[in-house]
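To start, the structure under review is shown below, and the notes come after it.
Here, each number is a calculation from the coordinates, and none is a lab measurement. Bear in mind that the values here come from a model prediction, so they are computed numbers and not experimental data. Here Cβ is always computed from backbone atoms with ideal geometry, including for glycine, and neighbour counts include all displayed protein chains.
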Amino acid sequence: MPMNVISPLRLAGTPVRLAVTPRDREDAIRLGMPHLSGCGISENWLLKELGHRHWMMLAGQAGMNGPDFRDDEGRQVYAAFCAVRLTDARLDLGVENGALAIRSTMRRVSRTQVESRHELRIDGVAAGLVKMVSTFIRRTGRGNHSVARVALDDLVPVDPLPSDLASLAATLRARRRPHHFGINLSAVSTEIAAFEFDPCPELDFNGAGFLYFPSFLAFVDRAEWQLSRRRSALARRDAFYHGNVDPGVPIRVVLVAEEPVRSTRWWRLERTDERAILADVFTQRLQTAVNAYTAI
């Protein structure tokens, strides 16, 4: 997927002055069935919520009453996630009628990238930290594989403190990092297992027509379930996004390597037709007391 920097961003609509700072936001959510899975808080729901929050905070930083970003030629611009990290996860603490508190902050980390940080607490107990790095993109042709980055010229100044997640994403993309999650990245040459999925337009794609970033992780979870059928709690996860697909293009989810002592795995998502790499996902899970589901 080409990611060349193109013309600067133009902010559409009428800017408005916000009553609160757009870089800081805190909310509480009463948990119910839409927020929960069989393992606590649904990571899929959580990432969709945080992705939307990230998008709205971007609009707030631009002084807009709604996110309507366009380039200097008036073409629609979207925020695409380059990397997502979840650490110290305790999503298993989520139960019906529990209280989830989310404290979110945002900063600009480069001319083309923005990072948001989301601290999670469930009923007052720390439940994880999510970091998300996005870049603005627009389509340059037909299909989801033809996009380009858009430079940011009208947002807040770049924070002088570098983003460790953005730097790690660049290092991994250039294949300059030897180890991650305890896995030797340079010594891998085989596939341990592979699964094929056909993304569904009604379930896996977003309103912009792109394969939604939480869907990548949902496919990894399905692959892990098919591989071991063991119940486990997510402890941490790093996801690095490299490309996208159109509806009708199946994807492969490949287990590239694992480190049993640390309970970590490296999954790679790729197109089935070209074997182009779509994402690298590193996951650490902890076994729960109940290790297997039974049919109901």
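Odds and ends about this structure:
- For region 229-257 versus region 105-142, the inter-centroid distance based on Cα atoms is 19 Å.
- Charging the Cβ of each Asp and Glu at -1 and of each Lys and Arg at +1, and nothing else, the dipole of region 178-296 about its Cα centre rounds to 600 debye.
- Based on every Cα atom in the chain, Rg and the maximum pairwise Cα distance Dmax equal 19.2, 56 Å.
- Burial ranking of peptide ranges 158-165, 130-137, 27-34 (average Cβ count within 10 Å, highest at the top): 130-137, 158-165, 27-34
- The calculated 222 nm mean residue ellipticity attributable to helices in the chain amounts to -5000 deg cm²/dmol, summing -39500 (n - 2.57) over DSSP H runs of n ≥ 4 and dividing by all residues.
- Per-residue extension of 0.36 nm, minus the Cα-Cα distance of Ile192 and Arg177, leaves a gain of 3.3 nm for this segment.
- Exposure proxy for His52, His35: other Cβ atoms within 10 Å of each Cβ, ordered fewest to most, give His52, His35.
- Per-residue HN-Hα couplings for region 116-131 [Karplus 6.51, -1.76, 1.60; θ = phi - 60°; Hz; x = Gly/Pro]: 10, 10, 10, 8, 10, 9, 10, 6, x, 9, 4, 10, x, 10, 10, 10
- Applying 1/(1 + (r/R0)^6) with r as the Cβ-Cβ distance of Ala101 and Val158 and R0 = 30 angstrom yields a FRET efficiency of 0.55.
- Global geometry of region 150-261, whether rounded, prolate or oblate, following the gyration tensor of its Cα atoms and the 1.5 cut on a/c: oblate
- Two-site FRET efficiency, Arg30 against Arg70, from Cβ-Cβ distance with R₀ of 30 Å, rounded to 0.05: 0.25
- Computed about its Cα centre, the charge dipole of region 1-160 is approximately 400 debye, with only Lys, Arg, Asp and Glu carrying charge at their Cβ.
- Rounded to the nearest Hz, the phi-derived 3J(HN,Hα) couplings of region 266-276 under the Karplus curve 6.51 cos²θ - 1.76 cosθ + 1.60 (θ = phi - 60°) are 10, 10, 10, 9, 8, 5, 6, 7, 10, 6, 5, where x marks glycine and proline.
- Dipole axis of the chain (+1 Lys, Arg; -1 Asp, Glu on Cβ), positive-most option in Pro260, Ile41, Ala166: Ala166
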